[in-house]
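Note sheet for the following structure.
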């Protein structure tokens, strides 16, 4: 339905340069490719959540080096997502652990107030460790190549 409000967003895909640059993005919209967050669930990550944050980032960076080739194998059909086992500890779990640890010295927004949101301290944004979704919708106002895009606003 979005294409009725933004015909330019449908027409932009006729441009060969746009198709080339945003091939994977368009493939996700069309259901050809899986979003990367789903793929992170299938990558094993051996880590202890108690490790220092810099060590967790090192593990993350190591796994991230191989991630693009994994995505290419899935996209090319060389590996089937449905046939991959789900590890007990995944790349997504590692990312979640890192984000939760980042709550201890928050710098998610441009204010970088460094409050400890993990103990419900509130910073400038007034959001604690548990944010709520204020609204979520398909955004129609982005550049044509990004329409539709998912938009989520959070509140404390």
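The values are calculated or read from the model by the stated rules, or taken from the named source; none is laboratory data. Treat the numbers as computed from the prediction; the structure is a model and nothing was measured. Here the Cβ positions follow ideal geometry from the backbone for every residue, glycine too, while neighbour counts run over all protein chains shown.
Structure values in brief
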{"read-out": "Enumeration of residues in segment 100-116 that are part of a helix (DSSP H, G or I) and exposed (fewer than 14 other Cβ atoms within 10 Å of the Cβ)", "value": "100"}
{"read-out": "Flag for residue 119 being at pLDDT 90 or above, surrounded by fewer than 14 Cβ atoms within 10 Å (Cβ to Cβ) and on the phi < 0 side of the Ramachandran plot", "value": "yes"}
{"read-out": "Residue match in segment 83-99 (condition: under 17 Å from the mean Cα position of the chain (by Cα), part of a helix (DSSP H, G or I) and free of Cβ contacts under 8 Å to residues at least 24 places away in the same chain)", "value": "yes"}
{"read-out": "Close pairs (6 angstrom Cβ cut-off, 6 or more residues apart or separate chains): touching a residue at least 24 places away in the same chain (Cβ under 8 Å) in segment 114-135, in a strand (DSSP E or B) anywhere", "value": "131/154; 132/155"}
{"read-out": "Flag for residue 149 being surrounded by 14 or more Cβ atoms within 10 Å (Cβ to Cβ), touching a strand residue (DSSP E or B) at 6+ places or on another chain (Cβ under 6 Å) and without any contact (Cβ under 8 Å) to a residue 12 or more places away in the chain", "value": "yes"}
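Conditions tested, residue by residue: (1) surrounded by 15 or more Cβ atoms within 10 Å (Cβ to Cβ); (2) out of contact with any strand residue (DSSP E or B) (no Cβ under 7 Å at 6 or more places or on another chain); (3) more than 27 Å from residue 155 (Cβ to Cβ).
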{"position": "43", "(1), (2), (3)": "yes, no, yes"}
{"position": "49", "(1), (2), (3)": "no, yes, yes"}
{"position": "76", "(1), (2), (3)": "no, yes, yes"}
{"position": "83", "(1), (2), (3)": "no, yes, yes"}
{"position": "96", "(1), (2), (3)": "no, yes, no"}
